[in-house]
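> Sharing a structure with you now.
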Amino acid sequence: MKNIKWLLIVLAAACLTTACGGSSDDPGQPGNGNGNVVGEWHMLSWSSAPAAADVYLSFDDAGAFDLYQRLEKPTYEHFSGTYSYAGGKLSGLYSDNAAWGNSYKVTFNGDGSQMTLTGVAGTADVAVFARAPIPEEIRSGELEAAALQARSEQTLRFL
């Protein structure tokens, strides 16, 4: 009888540790919307991306964001504004008070190194971002200035 009690206790403990263990540290596992958007992010993929698209995002603790995007132009454009993030939903306003084109459901992988944004209205665009610093040459506009200089040197001029 004593052995059966010990066996039941060991089995119960094994079941509890298996049920609670999970694999939340596995970066390949989807997470939930309770991660932290604060930080710098680089786009890995986007379901509606133009061929040469490249996007960097930065969210700070005070509710401000910076967006550096190269979509239809050969240079990066910088946009800024404010955002709100609550209940796994991300939305915002640009600095000219224009609302973002969509609000996004946010999920994170197990270790928070990847963030997936899924549009909640209209088309359900999906974009995946990895935590990565924004290169200084993009943040400072050096790449844009270099591209403009190269274009002006290569452009034929009438006069």
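The values are calculated or read from the model by the stated rules, or taken from the named source; none is laboratory data. Source: prediction; values computed, not measured. Note that each Cβ is placed from the backbone with ideal geometry, even for glycine, and that neighbours are counted across all protein chains shown. Ligands, DNA and RNA are excluded from the accessible area calculation, which covers all protein heavy atoms including side chains. Shrake-Rupley method; radii C 1.70, N 1.55, O 1.52, S 1.80 Å.
> For the stretch 103-137, give me each residue that is among the small types (Gly, Ala, Ser), more than 16 Å from the chain's Cα centre (by Cα) and farther than 14 Å from Ser48 by Cα.
Selection gives Ala121 alone.
> Sticking with this one: Can we say Gln114 is of a type in the set (S, T, N, Q) and at pLDDT 90 or above?
yes
> Here is a further query. For the stretch 103-134, what are the residues that are closer than 13 Å to Phe59 by Cβ and open to solvent by 30 Å² or more (accessible area, probe 1.4 Å)?
Within the stretch 103-134, Tyr104, Arg131 meet the criteria.
> Hey, can you tell me all the residues within the stretch 90-102 that are surrounded by fewer than 17 Cβ atoms within 10 Å (Cβ to Cβ) and within 14 Å of the chain's Cα centre (by Cα)?
Result: Ser91, single match.
> Then there is this: Test Leu44 against the stated conditions and say whether it is under 13 Å from the mean Cα position of the chain (by Cα), buried (at least 17 other Cβ atoms within 10 Å of the Cβ) and on the phi < 0 side of the Ramachandran plot.
no
> Out of the stretch 52-75, which residues are more than 17 Å from Ser95 (Cβ to Cβ), part of a loop (DSSP other than H, G, I, E, B) and open to solvent by 50 Å² or more (accessible area, probe 1.4 Å)?
Across the stretch 52-75, the qualifying residues are Ala52, Asp61, Glu72, Lys73, Pro74.
> Ok, one more. Looking at the stretch 83-148, what strands (runs of 3 or more DSSP E) fall wholly within it and have at least 1 residues that are of a type in the set (Gly, Ala, Ser)? Even if it seems obvious, please write down each step before you answer.
Details: elements: 89-94, 104-108, 114-119, 126-131.
It comes to 89-94, 114-119, 126-131.
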